1. List 456, 260 from most exposed to least, where exposure is judged by having the fewest other Cβ atoms within 10 Å.
2. Under a Cβ-Cβ cut-off of 10 Å, what is the net charge of the residues other than residue 190 that fall near it, where Lys and Arg count +1 and Asp and Glu count -1?
3. Per DSSP H run of at least 4 residues, take -39500 (n - 2.57); add these up for the chain, divide by its residues and hand me the 222 nm value, nearest 500 deg cm²/dmol.
4. State the extension gain, in nm to one decimal, for the chain segment bounded by residue 362 and residue 199, taking 0.36 nm per residue of separation less the distance between their alpha-carbons.
5. Can you give me the distance in nm between label points at residue 226 and residue 23, each placed 7 Å from the Cα along the Cα-to-Cβ direction?
6. Can you list the HN-Hα couplings for segment 169-179, worked out from phi with the Karplus curve (6.51, -1.76, 1.60; θ = phi - 60°), rounded to whole Hz and with x for Gly and Pro?
7. In terms of modelled amide H atoms, which long-range or inter-chain residues lie less than 5 Å from the amide H of residue 287?
8. Could you tell me how far the Cα centroid of segment 400-458 sits from the Cα centroid of segment 1-51, in Å?
Amino acid sequence: MASTSPGYGITIRVDAPASAQPVSEITQAILAAGASITALDVVESVLDRVVIDVTCDAIDAEHAEAITAALSENKNLNVRKVSDRTFLLHLGGKIEIASKVPLKTRDDLSRAYTPGVARICQAIAKDPADLRRLTIKRNTVAVVTDGSAVLGLGNIGPGAALPVMEGKAALFKRFADVDAWPVCLDTQDVEEIIRTVQIIAPVYGGINLEDISAPRCFEIEARLRDLLDIPVFHDDQHGTAIVVLAALTNALKLVKKDLKSTKIVLSGVGAAGTAVARLLIANGAKNIIGFGRDGLIFEDKGEDDPMRKWFVENCSPGSFRGDLSAAMKGADVFIGLSAPNVLVEADIKSMAKDAIVFALANPDPEIDPALARKHAAVVATGRSDHPNQINNVLAFPGIFRGLLDAHITKITDNMLVLAAEAIASCVSSEQLNANFIVPSVFDPTVSQKVAAAVKKSV
């Protein structure tokens, strides 16, 4: 059975006769349904009845319903209410604006707003360089999306993408004290996106592009980098590539293999997959076999996609022709950035000794991690409820902290490599093991080291 996750956590309010053994019966029913109980609280007790809130983690939404049904089948238990803890967390959104200055008196208003603020406006008009010094621009990032490639959910639109962008903004603040704001655009036209970002750019010190489908994302990023005097970072590409390289560096160190001699199978050659391949090759990888939606990538089909052309030219599978399962035979590394359940246990079993599996599709990986661990030496996912989470939060907060602090306007491959090395270095040789190849996202040194690496790159 797949693992339970806090992402599917529920709280169930149950009442029962005091004469029964409600705690025991609730516990037995939930455990029998395959869930894990995280909390159990008696919220009300009277002479003849008791009300209990039980919190548990489920595997998915269907499993949550099955847990509730199991409780309802017990004649002694009356399910009053079921609350989805993830939905509760999102009520009203996850971020807010807070003032950095006191606004308690007329004196405060006179300096923060009119008439005092006019002096600041005049200073910026006279010297545009003061914009960064005297406004939020120095520490503010726009998290820009069109909702066309959200997580593993696909093209769900800007409104449905907003919870992800809110989360991104919250992570920026939590891990690097960067003030970020979601900008969800109701257009998927390349020209409209570019122009919109261009005209809002004066407010921001950097642009973080997020969840924009390939190949449009490549053109948007490239043209915005040329047009703007602030850094433009496509997290799906470069953030993912940085963390994958960091994780793979440590995983290969653990199994005592060299990147140059490993056979790598890459499932999902979109924005993230192409960026991962570029960074791996820049670090010496020689053998990458890539698969896209149409299968093996081995020829230029004449598509107007420079990234696909680059992949064909630099990641040719040689004489190999076959499907994903065939490619997995003897592979040292699998990197999945594609879709759920594209692999089966036999595929992992056919890999080389001490294989490494990065099943990074979100929210559901390319293979159940429990199955992969039966045969692979190291397994990583994109989920926070499994060890070795390949999470972009290890990269992007520190990247932007360094960019903003050093007034860097352009992002280079050398910067990305140094950032990956910084993340990898946060796991010492004494700490390194099969379940710990990347540092915790809550390690405060990660963003500091990444920011320092970014500053060092120029």
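None of the figures in this text is laboratory data; all of them are computed from the coordinates on show. Just so we're clear, the structure is a prediction, and the values are computed from it rather than from any experiment. Please note: Cβ atoms are built from the backbone with ideal geometry, for glycine as well, and neighbour counts cover all protein chains shown.
1. Going from sparsest to densest Cβ surroundings: 260, 456.
2. -2
3. So the calculated ellipticity at 222 nm is -12000 deg cm²/dmol.
4. Full-extension gain reported as 55.4 nm.
5. 6.9 nm
6. Per residue, the Karplus-derived 3J(HN,Hα) values read 4, 5, 5, 3, 5, 5, 9, 9, 6, 9, 7 Hz.
7. For residue 287, whose amide H was placed from the backbone, the distant partners under 5 Å are 264.
8. 43 Å
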